[in-house]
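Right, one structure below, let's go through it.
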Amino acid sequence: MKRFLLLVACVVVVFVSGKAQCPDFTDLTAPGVTCYYGLFANPFQYTGVMEGHHEVITTQGTDPYTYHQLPLLPPDESAVVKLGSYAAGGQAEAIEYQFTVDPDNSVLLVKFAVVLQDPNHSPSEQPRFVMRILNADGQLVDECAEYDVRASADIPGFVSAGEIRWRPWTDVGFDLTEFAGQTVTVQFVTYDCAFEAHFGYAYFVASCVSNQLIVSECDGQSITFIAPSGYASYDWNNGDTTSVSTFSIGDSMTTASCLLTSAIGCQFTLSGTVMAGGLPTEDATFYDTICEGDSYHDHLFNLPPQTNVGTIRVTNTFYNASDCSGNDVVYTLYLTVVQKYTEYFDFACQGEDYDRYGFSYTNLQPGSFTDTIFSVGNAGCDTLFTILHLTVSTLEWVPTVVQGATTTCDYEETSYLVTSGNLSFFQWQLPSGVCLINGDETPNVSLYFTETAPNPAVISLVADNGCHLDTVSLTVYHYPIYHQLYQDTICGGNGYTESGFNIPLQNTAGIYVFTNHHTTIHGCDSVDVLQLWVNSAPAVTAVADPTEICLGDSTTVVAVGNMDNSVPLPPTPHPVAPGDILCTDGSIVKPSLWPCGKTALGVVFWVDGTDEHGWAVHLQEQAPGIAWGASANLSNTNYATARAVIYDTNGYANTLAMRNNSMNYIAGAVDFDNGWFIPAMGQLRLLYAEEPVVNATLQMLGGTALFSFVTYVYTYLWSSSEEDANFAWYMNYGGGIADHHKNYLSTEFLERTRVRSIRNF
C-alpha cells in the first residue's frame, strides 16, 4: 500500500484528556518537540534551539536568495518554521515531532519550501533537505514515508537561478490512517554542504486533516464531495481532476471515488456511496485480491481497472440519499493487485541445459528467443503469464598469452594486453593490493601494485559471461619504492651528516629541504627528503660579579646569550597539517607514512581550527602561459588595493562566476566539476607561507614544485581575484608580492604565468 510521507526534525507529543491530538508545528518549545543541531556528518549531535537556525516566521516577506520570488508565508498560513540559515558553515539542523495519530484526522498535510545552494560537489557532499515519518520502532512507516533531496543542476519540482536551487511552496499529504492510535515521529532535517562553503535551508508548516470525503452540498438530486487538500493530482471516477466533484444521485446507489496522488508520487483512494436505503450500520474492513488490469466491484466498492501492482487501501463512507447525511459508517478495503505478467531476462551458454522459472531446455544453441508459460491463477487472478527472454552465448576461448612486464615497481602504472582468442566479453581478475586504473572489461588493462599485494601476484583474464573454456594468467613480481621524510634541527655554523645526507655548513637561520635520489637494484625509486631547521648559534657573553677578587675568594659568572634569530623547533604534529597528503578516497596521510596503498590527490596547505577542514593544492600546474581573458565581472568582489585583496579567500565562488563567461580563458583550465578551483589572492598568500613543507611533499610524490623558475625569472600565479573589469590580480613569487596586470597580456608575461588549482577538503 502506498502512502504519503514527510520528514521533520523535532519531536512533539500532545495529549488532551487522553485523546491523541495533532501538534502545533510552529511551537518549538511545546512538550514532545525536540530540536537538534550539529555538523554535516550528524545533524542530531546536540539538543536545543539554535538561534538563527530554528526560527518561527510570522511576518510576510520574500526570501532574498530566490530573487524575492518565494514568499515567506504560503497562502492561508500565519506562521511557518524556518530550519537552517543563509550562513554556510558545514552545519545541519533537525526538528522532531512525536505524536499519536488521531483516527478522525489521520492525513498529515505538510506545506514546505526549500532553498539549496549547488556547489557542484558529489551527491554525498551536497546541501540537502529531508522529511521522513517513522513508526514506534524508528523505521519508515512505508515506502512513501521519506522525501530526500540534494542540490544538483536538475531537481524535479525545483527552480534554478544561478547556483541556487529552490522549490516553491508545495503541499504534500501523508495518509497515516493505518497508524491511527499509534505513535509516529515526523522529522525535518537540513544540511549545508560538507565543505562549509554553501548553504541549505527550508520552510515548513504542517497540520492534520480528515482522511474522508466531505459533503459540501446536497439537494437530493446531486451531491458535491471535497477530497483532502494538499495533493498534486485528483482523479475522480466521473472524470473530474480537481479536489471538488459533483455527482448526480441515482435511484438506488451512487458511488464516488477519487485517486489522490501526492507531490512525491504516492497514492491512495477515497470513496463515498449514496444509497436510497439499506445503509450499512457498522464499520467493516475487507481484504481482497484481483489481477492487474482488472476492475473491482464488491463490498459496495466500484473501482476502475488497476494497473499498479501491490496493496492499496480504499475507504468508502456511506450517505443517506434522502438528506445526504453521513451515518459515520466507513468500509475499508485492502486490495492486493497481483502481477499478471512476470518477465525474466537470463542468459546461458552454448550446449548447456536450462531449468529455471518453470522453463526447461536441453543442449541450447547460440541465439536469443522468448518463451511464455500460461498458468491458472488464484485469489482473484485467473490467468498468469510467465515470460522468459533467454540469450544463449557461444563458447569463448580465452587467449593463451597475456603480454606485459613480469617485473615492476609498486605504484608504477603497468599495462597488460591479450591479442588472441575469440573473447567478446572480458573480465580481469586481480588479487588484493593490485589497483585497477582502467580497462577491466577490455583486452588492455592498466594497473599498479601496492606493497600489500602478494609477491608474486597473479593476474587472470576470463570471459565475464561465464561461457569460456579456460582462464589465462600471468605471474608478476613487484618491488617496493622508498620515500622517507626526515625532520631535524642543527645550529648555525654546523653541517649535517645524518641519514645518508652530507650537508655543508649552514650559516643562515631558516627551514631548508634537501633530497637524495637513489635507485634500488630492481630499478625502483628511493627518495629521501630532509626538512632541516637551522637555528642561529647564540652569541654568549660571560659576566662576573664581583669582577675583582682576592686569592682564595669566589665570584659568580653568568653566561648571557642572544637567540633573536632562532628558528622554532619542529612543532608537535597536528592531526592534519600543511604538507600532509590528501588521497583520492578522502583520507589524509602523513608524508612519513607514505606510500600507503592509496593514490595522492593533492597536498594540504591550510587547515582551520578544527583540524578537519581546509584547502589542498594540486600536484601539478595547470595551463601554463594562459591569459586571463575577458573579465568575469564578479559583483562585490573587485579589490582596488593589494592590502584589500589579500583577504579574499572565496576562490570557489570567483571561479564559478568566471565559468559563466565563455571568454574567461583560465576558468576552463581547472577541473571544476571534480572540486578544483582557482585560488583567490588570500588563498595564494596562505599557500606561499607553507612553501617549504608543501614543496617537500610534492617532491616526494613526483609533483611539480611550487614557485619554480621559468627562464631565470620567477613564476607568476594567477589568482581568481579581480581589481575591476580590466585588471586581474596575480602573485609574483620573486618576493611573494601581490600585483595585478591587464587581462590581455604580453607574450613575455604569459610565458611566466601559471594556474595552480586548489580544492576544499
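Counting only residues that are assigned to a loop (DSSP other than H, G, I, E, B) and small (Gly, Ala, Ser), which one in the range 206-224 is nearest to MET253 (Cα to Cα)?
Of everything passing the filter in the range 206-224, GLY220 is nearest to MET253 (Cα to Cα).
Is it the case that GLY310 is surrounded by fewer than 16 Cβ atoms within 10 Å (Cβ to Cβ) and within 41 Å of the chain's Cα centre (by Cα)?
When the stated conditions are applied, GLY310 passes them.
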Checklist entry - Name the residues in the range 307-321 that are out of contact with any Gly (no Cβ under 7 Å at 6 or more places or on another chain) and part of a loop (DSSP other than H, G, I, E, B), would you? => result ASN308, VAL309, ALA321
Checklist entry - Out of the range 463-485, which residues are part of a strand (DSSP E or B) and either modelled with pLDDT of 85 or more or surrounded by 17 or more Cβ atoms within 10 Å (Cβ to Cβ) (or both)? => result HIS468, VAL472, SER473, LEU474, THR475, VAL476, TYR477, HIS478, TYR479, HIS483, LEU485
Next on the checklist: Just the residues that are of a type in the set (Ser, Thr, Tyr) and farther than 18 Å from LEU116 by Cα, please, taken from the range 38-79.
Outcome noted: TYR46, THR47, THR58, THR59, SER78
Checklist outcome for this item: Log entry, pairs with first residue in the range 131-155 being touching a residue at least 40 places away in the same chain (Cβ under 8 Å) and under 21 Å from PHE204 (Cα atoms), second being basic (Lys, Arg) and part of a loop (DSSP other than H, G, I, E, B), beta carbons closer than 6 Å, six or more apart or on different chains, reads CYS144/LYS2; CYS144/ARG3
Checklist entry - (1) surrounded by fewer than 24 Cβ atoms within 10 Å (Cβ to Cβ); (2) in the same structural domain as ASN135 (by TED's automatic domain parsing); (3) small (Gly, Ala, Ser): which one isn't true of ALA202, the others all being true? => result (1)
Next on the checklist: Considering only residues that are among the β-branched types (Val, Ile, Thr) and either not in a loop (DSSP other than H, G, I, E, B) or not assigned by TED's automatic domain parsing to the domain that holds VAL330 (or both), which ones fall in the range 269-306?
Outcome noted: THR269, THR273, VAL274, THR285, THR289, ILE290
Checklist entry - Hey, any hits in the range 361-378 for a residue that's surrounded by 13 or more Cβ atoms within 10 Å (Cβ to Cβ), within 21 Å of LEU213 (Cα to Cα) and in contact with a strand residue (DSSP E or B) (Cβ under 9 Å, 6 or more places away or on another chain)? => result no
Checklist entry - In the range 492-518, what count of residues is obtained for those that are over 20 Å from LEU698 (Cβ atoms) and loosely packed, with under 15 Cβ neighbours inside 10 Å? => result 11
Next on the checklist: in contact (Cβ under 8 Å) with a residue 12 or more places away in the chain and either under 18 Å from THR177 (Cα atoms) or surrounded by fewer than 20 Cβ atoms within 10 Å (Cβ to Cβ) (or both): is that true of GLY278 in this structure?
Outcome noted: no
Checklist entry - Is it the case that VAL186 is over 13 Å from the mean Cα position of the chain (by Cα) and at pLDDT 85 or above? => result yes
Item to check | Positions within the range 157-174 being among the aromatic types (Phe, Trp, Tyr) and in a strand (DSSP E or B), in sequence order | outcome: TRP166, TRP169, PHE174
Checklist entry - In the range 356-366, what count of residues is obtained for those that are closer than 14 Å to ILE387 by Cα and not small (Gly, Ala, Ser)? => result 3
Next on the checklist: Looking only at the range 102-118, filter to residues that are closer than 15 Å to PHE174 by Cα and surrounded by 24 or more Cβ atoms within 10 Å (Cβ to Cβ); which one of those is modelled with the lowest pLDDT?
Outcome noted: VAL107
Item to check | Options TYR319, TYR334: the member that is of a type outside the set (S, T, N, Q), assigned by TED's automatic domain parsing to the domain that holds SER222 and surrounded by 17 or more Cβ atoms within 10 Å (Cβ to Cβ) | outcome: TYR319
Next on the checklist: Tally up the residues in the range 163-193 that are surrounded by 24 or more Cβ atoms within 10 Å (Cβ to Cβ) and either among the small types (Gly, Ala, Ser) or free of Cβ contacts under 8 Å to residues at least 40 places away in the same chain (or both), please.
Outcome noted: 1
Next on the checklist: Just to check your reading of the model, which residue among TYR296, TYR341 is farther than 30 Å from SER393 by Cβ, touching a strand residue (DSSP E or B) at 6+ places or on another chain (Cβ under 9 Å) and aromatic (Phe, Trp, Tyr)?
Outcome noted: TYR296
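What are the residues in the range 119-156 that are part of a loop (DSSP other than H, G, I, E, B) and either of a type in the set (D, E, K, R) or exposed (fewer than 14 other Cβ atoms within 10 Å of the Cβ) (or both), if any?
Within the range 119-156, SER122, ALA136, ASP137, GLY138, GLN139, ASP142, GLU143, ALA153, ASP154, PRO156 meet the criteria.
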Checklist outcome for this item: Here the qualifying pairs (Cβ atoms under 7 Å; residues six or more apart or on different chains; first in the range 42-63 and more than 22 Å from ASP76 (Cα to Cα); second outside any loop (DSSP other than H, G, I, E, B) and small (Gly, Ala, Ser)) come out as PRO43/ALA92; PRO43/ALA94; PHE44/GLY38; PHE44/ALA94; GLN45/GLY38; TYR46/GLY38
Checklist entry - If GLY579 passes every condition in (1) at pLDDT 85 or above; (2) over 28 Å from CYS491 (Cα atoms) but one, which one does it miss? => result (2)
Item to check | Count - residues of the range 236-248 that are surrounded by fewer than 17 Cβ atoms within 10 Å (Cβ to Cβ) and outside any loop (DSSP other than H, G, I, E, B) | outcome: 3
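The values are calculated or read from the model by the stated rules, or taken from the named source; none is laboratory data. Everything quoted here is computed from the prediction, not taken from an experiment. Positions of Cβ are generated from backbone atoms using ideal geometry, with glycine treated the same way; all protein chains shown enter the neighbour counts.
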